[in-house]
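Peer 1: This is the structure I want to talk about, given as structure tokens.
The values are calculated or read from the model by the stated rules, or taken from the named source; none is laboratory data. Everything numeric in this text was worked out from a predicted model, so none of it was measured. We place every Cβ from the backbone using ideal geometry, glycine too, and count neighbours over all the protein chains shown. Quick note on the areas: whole protein, heavy atoms, side chains included, nothing else; ligands and nucleic acids left out. Shrake-Rupley method; radii C 1.70, N 1.55, O 1.52, S 1.80 Å.
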Amino acid sequence: MRTPPHNSRRSADLQKEIAKADRRRIDQWHAAMRRDGRVVLRTNLFKTFMGALVCWLFVGAIILTFVVTPGSTWNPLSPGFGGWLVFLLLVVFAVALVLFGFGAMLWTFVFPFVRPQFVVSRRGVESTWWKPGGRVRQFAAPWSGVVDIGGEFQWRKYPLPDALVVTITAHGATAHQNSLIGNAREPEMVTYRVLRELKARPRDVLVFLLEVRREQTAHC
């Protein structure tokens, strides 16, 4: 587990998350692993809906700001120009509109269609998404190639809660990465960030992965 000594806040927060893991759910996953040899973690439709809703709300708010504000306020050549600070704010709003618009389209139309899922098995880990004709691997790595499982915190401003992202680092030569355009490169190390939109909580996934990896590497 990656807990750099120079970042005590990160280490302390990560340990707190691990302590709050749902032991009952993790034990259920272990039972499924012993029974089926694999555990499939699917995406949460509610999280997908909430992600789309938040993006659309921001898109609507930005568009409304442009609608209710006179065009001369944003135009440097107009007598009613509000100043360069206002113009800079316009640029920020435009960038935000593109980003949230892209996120809204992604959450609304792409994510529910491809239905990503994360599989933990005795052989290793695998992330897949659906397309016509079957599922496609986005990332896969055997346990022998996994060198680190850790957590990265995304500290956010109020009222948004802090977010934990589970990471899996593997040797590039043993990991599979899907490339949308061209051939995927094989760097020395590959770090994959497990989707936070899974039905399972990231802290539960983190603890489960650590325990499964420990068990599988002990058998090697």
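Peer 1: Considering each of Thr65, Thr73, Thr108 in turn, give the residue that is modelled with pLDDT under 80 and either open to solvent by less than 50 Å² (accessible area, probe 1.4 Å) or under 20 Å from the mean Cα position of the chain (by Cα) (or both).
Peer 2: Thr73
Peer 1: What single numbered condition from (1) assigned to a helix (DSSP H, G or I); (2) modelled with pLDDT of 90 or more; (3) within 27 Å of Phe58 (Cβ to Cβ) fails to hold for Leu90?
Peer 2: Failing condition for Leu90: (2).
Peer 1: Next up: Give just the number: which of (1) more than 30 Å from Val59 (Cβ to Cβ); (2) in a strand (DSSP E or B); (3) modelled with pLDDT of 85 or more does Tyr192 not satisfy?
Peer 2: Going through (1) more than 30 Å from Val59 (Cβ to Cβ); (2) in a strand (DSSP E or B); (3) modelled with pLDDT of 85 or more one by one, Tyr192 breaks only (1).
Peer 1: While we're on this one: Please work out if Ser127 is in a helix (DSSP H, G or I) and either under 24 Å from Met189 (Cβ atoms) or open to solvent by less than 20 Å² (accessible area, probe 1.4 Å) (or both).
Peer 2: no
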